[in-house]
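K.L.:
Take this structure first; my questions come after.
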Amino acid sequence: MKKIRVMVVGYGNVGRGVIKALAANEDMELAGIVSRSPERVRRAVELPVLPVEAVGEWQQAFRPDIAILCGGSKNDLPEQGPTLVNCVSTVDSFDNHSCIPQYFERMDAAGRAAGQVAVISTGWDPGIFSLERVLANAFIPGSRAYGFYGLTGKGGLSMGHSDALRTIPGVRDARQYTHAVESAVDRVRAGENPEFEPGDMHTRECFVVLDAGADPAAVEAAIKSMPGYFAPYRTTVHFVSQDELDTRYRGFPHDGCVVAAGVTGGEHAATVEYRCKWESNPEATANVLVAHARAAVRLKAEGKTGAFTILDIPPAYFSTHSRADLLKKFM
Ligand SMILES: NC(=O)c1ccc[n+]([C@@H]2O[C@H](COP(=O)([O-])OP(=O)(O)OC[C@H]3O[C@@H](n4cnc5c(N)ncnc54)[C@H](OP(=O)(O)O)[C@@H]3O)[C@@H](O)[C@H]2O)c1
């Protein structure tokens, strides 16, 4: 069996997760890593690494069938995605929900022009949760699908909100855990289809290490009044030492569910729920990306080009199982 040669673009949390995930998929192999900081990556791993801009060099050395783009959604993917899809088919986890239509258009045009496939915005949300929202709404017409995050006691680590905390003067380090509001989940399960404000669905818990001499009251006030990120939410702030943050609050746990409820036949209650629980959010995202890489290679082999999302891909394309096996064991 010829293995699918996967190039990893960007070596961060998700990039490291993709490398581990590839080792667990027998039909795939790591072709190499490209990075904007190859020296940093070479110091961390003994794997082939080339500069991302050395296109001819990595094309020749790695001969990738597909590139998994592991850069950040805010600045990296909008720049790297349309450039790289000129040279190789791509899969990414662009997660800036409100900008997905524009990003899709750009990747679609670039992919079609280059004869490449670009699978965009996959992972768990956007990604599997997007698919579940669409299915739930289609199967229970008129229902609304709600996403809740942090249903475990510990909550889910939000990287974006943790980054936002670290921008506040006086904050040396910080992590933010999101908690779902249980009563809100219950209202959705009861089929109320309620109108929620963001703060009705989730609360935010912050663990903050202060700079020496920083004023805790001022930092807490700055956090709680931060528009968008914390002001709309019930937010609690705990000040901890760097040691405590590093030992008690390490890793990247996250979890969540999609819930939709309504009625069938005009009167009978109907609920759809889909739940994910990850001890490592970037590793989970990486596994979803790798399955989409398999699908992208299959789409390309059929002569398809342009952008695709999880909504456009037959689920059988993600699987290593044969059609006969899928019909026999998974139906
Ligand atoms: N759809 C979903 O469900 C989902 C879930 C989780 C994450 N995501 C997305 O995945 C993206 C990547 O997440 P991540 O946690 O992997 O981000 P990250 O660790 O910050 O890495 C992003 C990029 O920054 C560079 N980098 C990482 N560590 C560095 C360091 N120490 N020094 C210098 N550069 C460094 C790497 O690029 P270079 O190697 O080129 O320098 C890397 O690809 C997020 O922005 C998010 O959009 C999506």
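The values are calculated or read from the model by the stated rules, or taken from the named source; none is laboratory data. Everything numeric here is computed off the predicted structure, so don't read it as measured data. Virtual Cβ from ideal backbone geometry, glycine too; neighbours counted across all protein chains shown. All accessible areas refer to the heavy atoms of the entire protein, side chains included, with ligands and DNA or RNA removed. Shrake-Rupley method; radii C 1.70, N 1.55, O 1.52, S 1.80 Å.
K.L.:
Can you compute the charge dipole magnitude of the stretch 130-279 about its Cα centre, using +1 on each Lys and Arg Cβ and -1 on each Asp and Glu Cβ, nothing else charged? Give it in debye, rounded to the nearest 20.
P.N.:
That gives the stretch 130-279 a dipole magnitude of about 180 debye.
K.L.:
Using the Cα centre as the reference, give the magnitude of the dipole from point charges on the C-beta atoms of the stretch 1-125 (Lys, Arg: +1; Asp, Glu: -1; all else neutral), rounded to the nearest 20 debye.
P.N.:
Result for the stretch 1-125 is approximately 280 debye, rounded to the nearest 20.
K.L.:
Considering only protein heavy atoms and a probe of 1.4 Å, how much of the accessible area of the chain is carbon and sulfur, as a whole percent?
P.N.:
Answer for the chain: carbon and sulfur cover 52 percent of the accessible area.
K.L.:
Note down the magnitude of the dipole of the chain about its Cα centre, charges +1 on Lys and Arg C-beta and -1 on Asp and Glu C-beta and zero elsewhere, to the nearest 20 debye.
P.N.:
About 900 debye.
K.L.:
Ranked from the most accessible area to the least, with a 1.4 Å probe and all protein chains present, what is the order of Glu283, Glu26?
P.N.:
Glu26, Glu283
K.L.:
Hey, what's the Cα Rg ratio for the stretch 255-331 versus the globular rule of thumb, 2.2 N^0.38 Å?
P.N.:
Dividing the Cα Rg of the stretch 255-331 by 2.2 N^0.38 Å gives 1.45.
K.L.:
I'd like to compare 270-280, 59-69: which one has the highest average count of other Cβ atoms within 10 Å, and what's the full order after that?
P.N.:
Result, highest mean first: 59-69, 270-280.
K.L.:
Quick check on the chain: helices-only [θ] at 222 nm, where DSSP H runs of length 4 and up contribute -39,500 (n - 2.57) each and the sum goes over total residues. Nearest 500, please.
P.N.:
Computed ellipticity for the chain at 222 nm equals -10500 deg cm²/dmol.
K.L.:
Need the full-extension length gain, Asp243 to Arg43, defined as separation in residues times 0.36 nm minus the C-alpha distance. One decimal, nm.
P.N.:
69.5 nm
K.L.:
OK, next. Alpha carbon centre of the stretch 249-284 versus the stretch 28-95: separation in Å?
P.N.:
Rounded to whole Å, the Cα centres lie 32 Å apart.
K.L.:
Also, quick follow-up: Give me the one-decimal Kirkwood hydrodynamic radius in Å for the stretch 210-291, with the sum taken over alpha-carbon pairs.
P.N.:
Across the stretch 210-291, the inverse of the average 1/r is 17.1 Å.
K.L.:
Show me the three semi-axes of the equivalent ellipsoid for the stretch 130-279, from the C-alpha gyration tensor (sqrt of 5 times each eigenvalue), largest first, rounded to whole Å.
P.N.:
36, 15, 11
K.L.:
Now, a different point. If you take every DSSP beta bridge whose two residues both sit in the chain, what share of them, in percent to the nearest 5, is antiparallel?
P.N.:
DSSP beta bridges in the chain are roughly 50 percent antiparallel.
K.L.:
Okay, next question. Give the residue list of chymotrypsin sites (Phe, Trp or Tyr not before Pro) in the stretch 144-247 that are DSSP loop and have at most 16 other beta-carbon atoms within 10 angstrom.
P.N.:
Here the sparse-neighbourhood loop sites are Phe196.
K.L.:
Let me ask something additional. Would you mind listing how long the chain runs along its three principal axes, going by Cα atoms, in whole Å with the largest first?
P.N.:
62, 57, 34
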